[in-house]
Amino acid sequence: MNHQFEDIAARQARLQILHVGILVFPGVEVLDFAGPFEVFSVAARVAKRELGLESAFKVSLIGAERDTIAARHGMGVLPHHGFDDTPPLDLLVVPGGLVEQPRGCARTLAWIRRASEQAALTASVCTGAALLAQLGLLDGLAATTHWEDIAELRAEFPQIDVRENTPWVDQGRIVSSAGISAGIGMSLHLVERVLGATLAAATARQMEYDWTPSTQSSKYQ
């Protein structure tokens, strides 16, 4: 059975646990990956408490190798998996930061393409949108990125409807967020898509994060 185009909520209902893989690379923006990591990890804890789900999300950091990576500003990050031992992902998160290295790395780009093909949903944070755009994954879709990079993304990829002044854009299998902290709100939106608004709100409350469900830039509300 081919589940490639299965909606993320339907896949969670079928599997009970979704594997969330978050790419990390040299120069990755810390909150771009740490924000979504925290949201999905806390959501799994809240879902166990509130819904009796043993583990709604399993969250992993994925690097080219299982070696420490220097994130932006010098933070050391140790991935859970390398490209060669990553299990199949249900939700792929591609963060941004200093993206020259991953954009110039054929191995990284090939891995993103493979992982996105397997996943029910692919999301970008900040300048991670440039990686999806380079692979053609945003062609003909609406997307967003950090406010400072809107013009550059629009000029380099005119086939994309680049939106500004919005925290995230949901196009079904592809979701993109604006810069840095916007990835937290986008991730809560994805929790809402999978487990509902009540659980997403409980996750935000557990994190003491000011968030309410929004119909903005979504076809899934």
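Of the listed requirements (1) within 23 Å of L188 (Cβ to Cβ); (2) over 12 Å from the mean Cα position of the chain (by Cα); (3) open to solvent by 60 Å² or more (accessible area, probe 1.4 Å), D149 misses just one: (3).
If the requirement is being in contact with a Leu (Cβ under 8 Å, 6 or more places away or on another chain), in contact (Cβ under 8 Å) with a residue 24 or more places away in the chain and part of a loop (DSSP other than H, G, I, E, B), which of these qualifies: T145, T122?
Working: T122 fails: part of a loop (DSSP other than H, G, I, E, B).
Selected residue: T145, the only one of T145, T122 that is in contact with a Leu (Cβ under 8 Å, 6 or more places away or on another chain), in contact (Cβ under 8 Å) with a residue 24 or more places away in the chain and part of a loop (DSSP other than H, G, I, E, B).
Does the stretch 159-170 include one or more residues that are within 23 Å of L109 (Cα to Cα), open to solvent by 20 Å² or more (accessible area, probe 1.4 Å) and at pLDDT 95 or above? Scanning the stretch 159-170, I find at least one residue that is within 23 Å of L109 (Cα to Cα), open to solvent by 20 Å² or more (accessible area, probe 1.4 Å) and at pLDDT 95 or above, so the answer is yes. Taking into account only those residues within the stretch 72-86 that are surrounded by 15 or more Cβ atoms within 10 Å (Cβ to Cβ) and among the hydrophobic types (A, V, I, L, M, F, W, C), which is nearest to D149 (Cα to Cα)? So the residue we want is V77.
Of all residues in the stretch 175-197, those that are surrounded by fewer than 24 Cβ atoms within 10 Å (Cβ to Cβ), part of a helix (DSSP H, G or I) and in contact (Cβ under 8 Å) with a residue 24 or more places away in the chain total 4.
No other residue among E164, E117 is under 29 Å from A56 (Cα atoms), of a type in the set (D, E) and either in contact (Cβ under 8 Å) with a residue 60 or more places away in the chain or outside any helix (DSSP H, G or I) (or both) apart from E117. Looking only at the stretch 35-45, decide whether some residue is over 26 Å from T145 (Cβ atoms) and not in a loop (DSSP other than H, G, I, E, B). Yes, because at least one residue in the stretch 35-45 is over 26 Å from T145 (Cβ atoms) and not in a loop (DSSP other than H, G, I, E, B). Residue under question is L89, and the condition is that it be surrounded by 18 or more Cβ atoms within 10 Å (Cβ to Cβ) and either at pLDDT below 95 or part of a strand (DSSP E or B) (or both); does it hold? Taking the combined requirement at face value, the residue does not satisfy it. Each residue in the stretch 40-71 was checked for being open to solvent by 80 Å² or more (accessible area, probe 1.4 Å) and over 18 Å from the mean Cα position of the chain (by Cα), and 10 of them qualify.
Filter the stretch 11-34 down to the residues that are outside any strand (DSSP E or B) and at pLDDT below 95 and list them by number. So that I can check it myself, show each step before the final result.
Going residue by residue through the stretch 11-34, those that are outside any strand (DSSP E or B) are 11-17, 24-27, 29-34.
Passing the criteria: R11, Q12, A13, R14, L15, Q16, I17.
Test E65 against the criterion of being over 20 Å from A197 (Cα atoms), touching a Phe, Trp or Tyr at 6+ places or on another chain (Cβ under 8 Å) and charged (D, E, K, R), and give yes or no. When the stated conditions are applied, E65 passes them. Just one of the listed residues (E65, E50) is touching a strand residue (DSSP E or B) at 6+ places or on another chain (Cβ under 8 Å), acidic (D, E) and over 17 Å from L190 (Cβ atoms), namely E65.
The values are calculated or read from the model by the stated rules, or taken from the named source; none is laboratory data. Bear in mind that the values here come from a model prediction, so they are computed numbers and not experimental data. All Cβ positions, glycine included, derive from the backbone under ideal geometry; neighbour counts span all protein chains shown. With ligands, DNA and RNA removed, areas are computed over all heavy atoms of the protein, side chains included. Shrake-Rupley method; radii C 1.70, N 1.55, O 1.52, S 1.80 Å.
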